[in-house]
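Here is the structure we will look at.
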Amino acid sequence: MQKEILTELEDLRDETEFIINNEEIVETRHVENYLRRLERIKYNIFNKIKLRDKYEVNEQDKLNYLNNRYKATVEDDILKIYIPEVIPKYKNINNYAYKNIMLNVMEKTKEYKNLFNNQLVFVFIKVVENQKNIDIDNKFIKPIIDGLVLSKVIEDDNIANMFYGVIGMTDKKKNPYTEVYVFKGEKILNWIKNTTKIDI
């Protein structure tokens, strides 16, 4: 397994050197392809190490992963998830970025399986970036929801089980991150009923 990882890293090294040493001919498409390749290699290595740790090494020899920066806590019946990166835009999403976020959310929330006992839940997502004028409707939030479904925090992501809202904020002093809050949907539904007079 270590040989396979080293081979992938060597390939990435060659591509990195090409990007660095050929500034005059490197185009946007080269950088985009490189970033996709980087994301794929990161995902592959992550999975290989997880398999190795599951079957081949003792508990004390397991590696700490980058995903240990993901956090999940519960306070006052609200599940809070910290994601140490910005949710990608629809046009920039790829299979590896999607799986990375989804699996990390699943891994960090699986201890809260059945937290809401199949109740309707509201998922509130806060995206914090350094830039202004964030087009929040361009954000691809599906990997977050799918991760919560996989961990059984949410029974399913159909309209009978969950609904959501997203807000974007600017903070130039911090690295970009995302926070997710999951709680009983009745809190928001009561507010909607009382404010809009809509019978839900």
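Assorted remarks:
- Just so you know, in the range 168-190 the residues that are in contact (Cβ under 8 Å) with a residue 60 or more places away in the chain and in a loop (DSSP other than H, G, I, E, B) include one that is most open to solvent (accessible area, probe 1.4 Å), and it is ASN175.
- For the range 120-135, the tally of residues that are open to solvent by 40 Å² or more (accessible area, probe 1.4 Å), at pLDDT below 90 and not acidic (Asp, Glu) stands at 4.
- Test: residue in the range 108-115 that is in contact with a helix residue (DSSP H, G or I) (Cβ under 9 Å, 6 or more places away or on another chain), at pLDDT 90 or above, farther than 24 Å from PRO88 by Cβ and not hydroxyl-bearing (Ser, Thr, Tyr): yes
- Here the range 42-62 is the region considered, the condition is being open to solvent by less than 60 Å² (accessible area, probe 1.4 Å), closer than 14 Å to LEU12 by Cα and under 17 Å from the mean Cα position of the chain (by Cα), and the residue that is modelled with the highest pLDDT is ASN44.
- Residues in the range 63-77 that are modelled with pLDDT of 65 or more and exposed (fewer than 10 other Cβ atoms within 10 Å of the Cβ): GLU75, ASP76.
- Complete set of residues in the range 78-107 that are modelled with pLDDT of 90 or more, part of a strand (DSSP E or B) and open to solvent by 20 Å² or more (accessible area, probe 1.4 Å): ILE78, LYS80, TYR82
- Members of the range 138-160 found to be part of a loop (DSSP other than H, G, I, E, B), open to solvent by less than 20 Å² (accessible area, probe 1.4 Å) and at pLDDT below 90, listed by number: ILE141
The values are calculated or read from the model by the stated rules, or taken from the named source; none is laboratory data. No experiment lies behind these values; they were computed from the predicted model shown. Quick reminder, even Gly has a Cβ in these numbers, built from the backbone with ideal geometry, and neighbours come from all protein chains shown. Each accessible area value is taken on the protein alone, full model and side chains, heavy atoms only, with ligands, DNA and RNA left out. Shrake-Rupley method; radii C 1.70, N 1.55, O 1.52, S 1.80 Å.
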